[in-house]
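Visitor: Before we start, here is the structure in question, set down as structure tokens.
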Amino acid sequence: MQLSSEEAARALAAIQTSRDAMRSAIRAHRGHYHLWMWGLIWIAMAMLAEFRGPAGVRLFPWLSLGGVAGSFVLGFIQGSQIRMPVDKRFLGVLAAVIFFAALWPLVLRAPADNQAIFAYLGLVVMLCYIIAGIWFDTYLLWLGLVMTALILVGLFCFTGIFWWWIAVFGGGPLIATGFYVRYFWQ
């Protein structure tokens, strides 16, 4: 089957119209709230670790569970406003990434400090962002790549101020990307 140039142009225009409508719906219906919420959680984690040390780090799972619960609530609200089927293959890929990410520390048996553990978990999350960016929209891909680089720079170059680094260059890009999605995303 061969498309004429007019048919191809109409198909491309339909794709662009669909993409614009989806971006508008996400922008209007809380896509940015996820980024803002997780940016604030990253900042809270970093500041707890900086000022309370290991006692603050022990609160990380609770902050993460609160973030997951908040994400489900936002997703439920967004799902009632944006009718879009759940991509089961995407969820399967994320489940596989998380499963193997949980196995690697057990296999490697490497002792790690709180900074290395946080960086490892942050890198796993950024891999999920990168996959979501490849699957859905490139802003998540770029956010994941930039934050991966920032996490690694903080871990290897700024260990003395790692938690401050994570607060500014971990939580900051998440919050900034939320503003980008909400106010500037076209």
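The values are calculated or read from the model by the stated rules, or taken from the named source; none is laboratory data. Keep in mind the model is a prediction, meaning the values are calculated, not measured. No Cβ is skipped: glycine too gets one built from the backbone with ideal geometry, and neighbour counts run over all protein chains shown. Side chains included, ligands, DNA and RNA excluded: accessible areas come from the protein's heavy atoms. Shrake-Rupley method; radii C 1.70, N 1.55, O 1.52, S 1.80 Å.
Visitor: Note down the relative contact order for segment 102-161 as a percent, whole number, built from C-alpha pairs under 8 angstrom at least six residues apart.
Guide: Values: 36 pairs, mean separation 18.3, N = 60.
Result for segment 102-161 is 31 percent.
Visitor: Cα-Cα pairs above 16 Å in segment 37-140: how many percent?
Guide: Taking all Cα-Cα pairs of segment 37-140, the fraction more than 16 Å apart is 68 percent.
Visitor: Per residue, what accessible area does the chain have, given a 1.4 Å probe and all protein chains present, in Å²?
Guide: On the way: 11560 Å² over 186 residues.
With all protein chains present, the chain gives 62 Å² per residue.
Visitor: At a 1.4 Å probe, what is the % contribution of carbon and sulfur to the accessible area of segment 128-186?
Guide: In segment 128-186, the share of accessible area belonging to carbon and sulfur is 76 percent.
Visitor: With the cut-off at 27 Å, report for the chain the share of all Cα pairs above it, as a whole percent.
Guide: Details: 6038 of 17205 pairs.
Considering the chain, 35 percent of its Cα-Cα pairs are separated by more than 27 Å.
Visitor: If you don't mind, there's one more thing I want to ask. For the chain, build the charge dipole from Cβ charges (+1 Lys, Arg; -1 Asp, Glu) around the Cα centre, then report which of Phe90, Leu63, Met147 sits farthest towards its positive end.
Guide: Going by the charge dipole, the pick is Leu63.
Visitor: About the Cα centre, and with charges only on the beta carbon of Lys, Arg (+1) and Asp, Glu (-1), how big is the dipole of the chain? Nearest 20 debye, please.
Guide: On the way: 12 positive and 7 negative charges, 67 e Å.
For this selection, approximately 320 debye.
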